[in-house]
Amino acid sequence: MTSAAPRPSWSAHWQEKEKTASRRQPLSRERIVEAALRIVDTEGMDALSMRRVGQELGTGAASLYAHVGNKDELVELVLDLAYSEIALEQPDPGDWQEQVKRLMRRSRDVLLGHRDLAKAAVVANVPVTPHAMDVADTMLGILRAGGLDEQTAAYGVDLLGLYTTATTFEASTRSGNTEADADAYTERVREYFSTIPADRYPMVTSMAAALTRNVGDERFEFGLDILVAGLARQAAPRG
């Protein structure tokens, strides 16, 4: 009696290809934006392009345009995804000054957590995307709860946003990826100040240590205190 011929079967390689293909997720705006943010986190803003996102998702750049109009729109969406990470609070008239500070700290921490994404925040200027507007609307609510009139609150939210994005962008370009990079940068500036003519720049040379002091968030917190204290002086008296 002859043995039955072996039954045909898929090769292990082909089975793996089939399994992978069946699990492949369809392209969507959400997946594109998430991939773009991963690129920013690992490679920085300069590496972000439609082509690079296509590579990340295993597709061509042309297929992305059905979901995202262009790179500028993609950057807006990436920034908005980051803003969705900022925890928001309901305005509390009795704690409004600390609420302002907490919101600015959270905004800064989120942006710094995404490498040099603050560069996009500086360029964006006016918030027009959903989560960016959530942050702005919350800040306006806090300022109004603190007794600021509408125009002062409007100028205030702009000033606070500019301060946060500008200082965060400066920190991201100055520090590189590590605290050691930031220290090295500060030391180079301090060394440069020691080489300039003291007779022409007496204040800069004599104050080099203070000008280049870089201790934690001390500099950011100093500006934060000044801004909030100034806004508090504009608040209507309670009574």
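Observations on the model:
- Most mobile listed residue (Y163, Y155, Y192) in the chain, GNM with C-alpha springs under 10 Å: Y192
- Acute angle (nearest 10 degrees) that the helix 150-175 long axis makes with the longest principal axis of the chain, alpha-carbon atoms: 70
- The angle between the Cα long axis of helix 96-112 and the longest principal axis of the Cα atoms of the chain comes to about 40 degrees, rounded to the nearest 10.
- The candidate values were (1) 21.5; (2) 22.1; (3) 17.8; the one computed from these coordinates for Kirkwood radius over Cα pairs in Å carries the label (1).
- Neighbour-limited loop hits for trypsin sites (Lys or Arg not before Pro), segment 21-122 (at most 12 other Cβ within 10 Å; DSSP other than H, G, I, E, B): R24
- In the chain, Cα pairs under 8 Å separated by at least six residues give a relative contact order of 17 percent.
- Derived scalar couplings between HN and Hα for segment 59-66 equal 9, x, 4, 4, 5, 6, 5, 6 Hz in order, rounded to whole Hz, by the Karplus curve 6.51 cos²θ - 1.76 cosθ + 1.60 (θ = phi - 60°), x for Gly and Pro.
- Segment 183-235 versus segment 61-104: alpha-carbon centroid distance in Å: 30
- If the chain linking A61 and Y155 were pulled fully straight, counting 0.36 nm for each residue of separation and taking away their Cα-Cα distance, it would gain 29.8 nm.
- Residue with peak Gaussian network fluctuation, the chain [Cα springs, cutoff 10 Å], from L79, L111, L88: L88
Here, each number is a calculation from the coordinates, and none is a lab measurement. Note that the structure is predicted; figures quoted are calculated from it, not measured. Using ideal geometry, Cβ is built from the backbone for each residue, glycine included, and neighbour counts are taken over all protein chains shown.
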